[in-house]
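Read the structure below first, then the notes.
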Amino acid sequence: MSAPSTASAGERTGGRTYLRRLAGRPELGAVVGAAAVFLFFSMVAESFLQASSLSTVLYASSTIGIMAVPVALLMIGGEFDLSAGVMVTSSSLISSMFSYQMTANVWVGVGVSLLTTLAIGFFNGFMLTRTKLPSFIITLGTFLMLTGLNLGFTKLISGTVSTKTIGDMEGFDSARAVFASHLTVGGVDLQVTILWWFALVALATWVLLRTRAGNWIFAVGGGADAARAVGVPVNRTKIGLYMAVAFCAWISGQHLLMSYDVVQSGEGVGNEFLYIIAAVIGGCLMTGGYGSAVGSAVGAFIFGMTSKGIVYAQWNPDWFKFFLGAMLLLATLLNAWVRKRAEASK
């Protein structure tokens with residue numbers, strides 16, 4: 001009689017262990033919130049569940065999600081980047097203006113943009129590690145400088161606040177295929193940015209959970225001094241995180257350019273907050289050391305469902321910011337509660 005009793009006790013212990021692990025996942029609160037938002041708009045908007053509507057939701061989610069992934073990793077590392085939104089625009093402007101002015105193949109402009117954007121990310125990380133100033137101050141300064149440079153150079157070179165068309169230049173069609181093409185799956189039109197988004201989430205998750213660099217990111221976010229004391233290369237880790245944000249800004253910038261052919265120099269201002277909101281809704285703590293790439297994807301999906309669900313429900317789109325703010329507060333409270341429960345059960 002003792003054997004079944006022991007097995008039963010083991011099953012109960014295993015079940016409790018699994019539930020504790022599940023409760024400790026950073027994205028748990030976001031998944032619950034995403035399910036609630038999905039069910040809500042499924043009931044109030046008849047067209048929400050149509051395949052074409054879901055593809056539109058995924059596209060809106062991907063445009064935020066591509067940037068939310070590196071921003072989430074940066075927040076896990078204990079830092080912020082307020083220049084991420086305008087960096088996307090800077091990346092697209094560099095590609096467009098370099099290609100047009102130099103009458104070069106569009107891919108040359110894309111390559112120059114990659115190097116320049118990575119240099120901006122390196123600058124943010126280098127200034128942070130050398131000056132020891134808060135990342136809020138460093139990246140706010142970069143935000144203001146890029147905002148001025150975007151407008152100033154565009155007016156100087158193009159004479160207006162937007163770039164010249166490059167749609168008829170060599171290499172544009174192939175660049176569009178990489179950054180702004182459409183895929184048809186089961187009769188549904190999907191943007192290639194969705195594949196970029198999924199790939200970045202998978203890569204970031206692998207880095208966080210399966211590599212030494214992932215351990216470094218969590219350690220740096222938990223406490224830079226303690227991490228340095230055990231041999232973690234704190235400065236290199238932070239610079240790498242800022243360059244990851246820059247790389248994803250480059251991807252988003254090329255999508256912006258290849259989708260519309262021209263770029264407005266004032267775009268991107270304020271988007272940095274959307275990336276941070278998606279990461280926070282997805283379970284990242286403002287204090288660092290906690291979060292996940294999957295959570296940022298769920299946060300971006302909530303953003304996409306809300307922004308498009310309001311349209312499908314035929315509500316006034318002015319309500320979007322209200323719902324976004326409410327979700328941010330609710331998600332933060334839920335994440336804090338889940339984390340406390342997980343810590344108490346250890």
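Roughly how tilted is helix 320-344, in degrees to the nearest 10 and between 0 and 90, from the longest Cα axis of the chain? Roughly 40 degrees, rounded to the nearest 10. Summing charges over all other residues whose Cβ lies under 14 Å from the Cβ of Asn271, with Lys and Arg as +1 and Asp and Glu as -1, gives -2. Considering only C-alpha atoms, what is the centroid distance from the range 68-110 to the range 41-64, in Å? Taking the Cα centre of the range 41-64 as reference, the centre of the range 68-110 is 27 Å away. Here are some values of percent of Cα pairs over 35 Å apart: (i) 41; (ii) 27; (iii) 19. Which one was computed from this structure? Here the calculated entry is (ii). Between Trp337 and Leu49, the simple spin-label model (points 7 angstrom out along Cα→Cβ) gives 2.8 nm. Of the residues Leu333, Thr154, Gly121, the one whose Cα sits farthest towards the positive end of the charge dipole of the chain is Leu333 (charges of +1 on Lys and Arg Cβ, -1 on Asp and Glu Cβ, taken about the Cα centre). Between Lys155 and Lys132, full extension at 0.36 nm per residue minus the direct alpha carbon distance yields a gain of 4.8 nm. Once the 1.4 Å probe is applied to the protein heavy atoms, the chain comes out at 48 Å² accessible per residue. Projecting the Cα atoms of His182, Gly222, Met305 onto the charge dipole of the chain, computed from C-beta unit charges around the Cα centre, puts Gly222 farthest toward the positive end. In the complete set of protein chains, residue-level accessible area for Glu267 is approximately 70 Å², probe 1.4 angstrom. Here the peptides 305-311, 132-138 are ranked by packing, the mean other Cβ count within 10 Å, and the order with the highest first is 305-311, 132-138.
With 10 Å bins beginning at zero, the pair-distance distribution over Cα atoms of the range 152-231 amounts to 14, 20, 22, 21, 20, 2 %. As a fraction of the 1.4 Å probe accessible area of the chain, surface on carbon and sulfur atoms comes out at 68 percent. Among Val230, Val245, Val188, which one shows the biggest mean-square fluctuation in a GNM of the chain, springs joining Cα atoms closer than 10 Å? Among Val230, Val245, Val188, the largest GNM mean-square fluctuation belongs to Val230.
The charge dipole of the chain, taken about the Cα centre with unit charges on the Cβ atoms of Lys, Arg (+1) and Asp, Glu (-1), comes to about 1380 debye, rounded to the nearest 20. Expressed as an acute angle from 0 to 90° and rounded to the nearest 10, what is the orientation of the C-alpha long axis of helix 234-260 relative to the principal long axis of the chain? Orientation of helix 234-260: about 60 degrees from the principal axis.
In the elastic network of the chain, a GNM with C-alpha springs shorter than 10 Å, the most mobile of Ile120, Ile166, Ile276 is Ile166.
As a length-normalised measure over Cα pairs under 8 Å and 6 or more apart, the relative contact order of the range 126-270 settles at 33 percent. Normalising the average separation of contacting C-alpha pairs (under 8 angstrom, six or more residues apart) by the number of residues puts the relative contact order of the chain at 36 percent. Counting only alpha carbon atoms, the long axis of helix 84-101 and the longest principal axis of the chain meet at about 30°. Set Lys and Arg Cβ to +1 and Asp and Glu Cβ to -1, take the dipole of the range 177-327 about its Cα centre, and tell me which of Pro233, Leu285, Val201 lies farthest positive. Going by the Cα projections, it comes out as Pro233.
The values are calculated or read from the model by the stated rules, or taken from the named source; none is laboratory data. Just so it is clear, the model here is predicted, and its values are computed rather than measured. Every residue, glycine among them, receives a Cβ derived from its backbone with ideal geometry; neighbour counts consider all protein chains shown. Protein only, heavy atoms only, side chains kept; ligands, DNA and RNA dropped before computing areas. Shrake-Rupley method; radii C 1.70, N 1.55, O 1.52, S 1.80 Å.
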